[in-house]
Amino acid sequence: MSWPIKWKCPFCNQMQLASDYNYIQVTHFLDFNRAHSAQGPLDLKLVAIRCLDNECNNLSLSVYLFEVDPSKSEPARFKGLVRRWQLQPESSAKQIPEYVPAAIRSDYTEACLIKDLSPKASATLARRCLQGMIRDFCGIARATLAEEIRELSKALAIGKAPQGVSLDSVQAIDHVRTIGNIGAHMEKDIDVIVPVDADEAGILIELTEKLIEEWYIERRKRADRFDKIAHIVAEKKVARSASQQTASGDAD
């Protein structure tokens, strides 16, 4: 491995460079007295990374099971990933601000937690997040998620979509709608279990994260910026009024 590597802490979301200073990797060949299990030759890899941010300093811990060719060295040794376990944090879920509705935060966190264990249930929860955001943020509620997406597209086209809803975000939603089983189940009840794999569930989760960022978080940032300006203006008015009163008193 070439040092350093770019890494984002899953706890604080800070991008940083990981090196042998805060990165530990241990690989063990599962050699049972020169015999193999029914799954064949396997390597078990443990990866531990400590966040370099002093206020965070959390440990990220993952375990990987690889199918390998014992006659070769890395990287040619690894034939394929059999399974991955995220031990700490338990999932890849990002920290979602409390001003995002609790139901959306709860469904998102659970979707991330069970993505590898049950992609079908994870995708169903992510779809429910998506519908919840369209209904809450955009004020659009229809019988199916597909109908709500179409209504959002129409609202954007005529300039009636909420501030923060961009053409890119609506196009991203529409692209996901066209993906195999995900797209087919957009037309059905939101609680219908979607038969997808972990990668497809991951796409829905990434879209959910993107929309939370572009819609809710950016809206709060805009509001905070404008509140800050209003506060500065109010302070200036108070200071100017006090200055004028002082000048008037001196004149008397």
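Step through the residues of segment 149-162 one at a time and calculate ³J(HN,Hα) from phi using the Karplus curve (6.51 cos²θ - 1.76 cosθ + 1.60, θ = phi - 60°), rounding each to whole Hz and writing x for Gly and Pro.
Here the 3J(HN,Hα) series is 5, 5, 5, 5, 4, 5, 4, 5, 5, 9, x, 10, 6, x Hz.
Using only alpha carbon pairs under 8 Å that are at least six residues apart, calculate the relative contact order of the chain and give it in whole percent. Working shown, then result.
Details: 326 pairs, mean separation 31.5, N = 252.
Value for the chain: 12 percent.
So, how do all the Cα-to-Cα distances of the chain break down into 5 Å bins, in percent, from 0 on up?
1, 5, 10, 12, 12, 12, 11, 10, 8, 6, 4, 3, 2, 2, 1, 1, 0, 0, 0, 0, 0
By how many nm would the segment from residue 17 to residue 79 lengthen if fully extended, with 0.36 nm per residue of separation less the alpha-carbon distance?
Numbers: separation 62, 0.36 × 62 = 22.32 nm, distance 2.75 nm.
Answer, rounded to one decimal: 19.6 nm.
Return the inverse of the average 1/r over all pairs of distinct C-alpha atoms in segment 1-51, which is the Kirkwood hydrodynamic radius, in Å to one decimal.
About 13.1 Å for segment 1-51.
Under 16 Å from the Cα of residue 237, which lysines turn up, not counting those fewer than eight places away in the same chain?
Output for residue 237: 228.
Hey, in the chain, which Cys have no second cysteine's beta-carbon closer than 4.7 Å?
112, 129, 138
If the elastic network links every pair of Cα atoms under 10 Å, which of 109, 208, 144 fluctuates the most in the Gaussian network model of the chain?
144
Can you tell me the orientation of helix 102-113 relative to the chain, as the angle in degrees between its alpha-carbon axis and the longest Cα principal axis, to the nearest 10?
It is inclined by approximately 20 degrees.
How much solvent-accessible surface does residue 138 expose, in Å² to the nearest 10, with a 1.4 Å probe and all protein chains in place?
20 Å²
If each DSSP helix of 4+ residues adds -39,500 (n - 2.57) and the sum is divided by the residues in the chain, what number results at 222 nm, nearest 500 deg cm²/dmol? List each step's numbers first, then the result.
Working: 7 runs with 110 residues, N = 252.
Mean residue ellipticity, 222 nm, calculated: -14500 deg cm²/dmol.
State the answer as a single residue: which of 15, 52, 32 lies farthest towards the positive end of the charge dipole of the chain, with beta carbon charges of +1 for Lys and Arg and -1 for Asp and Glu, about the Cα centre.
With unit charges placed on the Cβ atoms, the residue in question is 15.
Taking a threshold of 23 Å on the Cα-Cα distance, which of the pairs 160/210; 79/120; 6/72; 154/221; 94/154 fall above it?
Details: 160/210 21 Å; 79/120 26 Å; 6/72 27 Å; 154/221 26 Å; 94/154 31 Å.
Pairs exceeding 23 Å: 79/120; 6/72; 154/221; 94/154.
The values are calculated or read from the model by the stated rules, or taken from the named source; none is laboratory data. Since the structure is predicted, the reported quantities are computational estimates derived from the model, not experimental observations. Cβ atoms come from the backbone with ideal geometry, glycine included; neighbour counts cover every protein chain shown. Quick note on the areas: whole protein, heavy atoms, side chains included, nothing else; ligands and nucleic acids left out. Shrake-Rupley method; radii C 1.70, N 1.55, O 1.52, S 1.80 Å.
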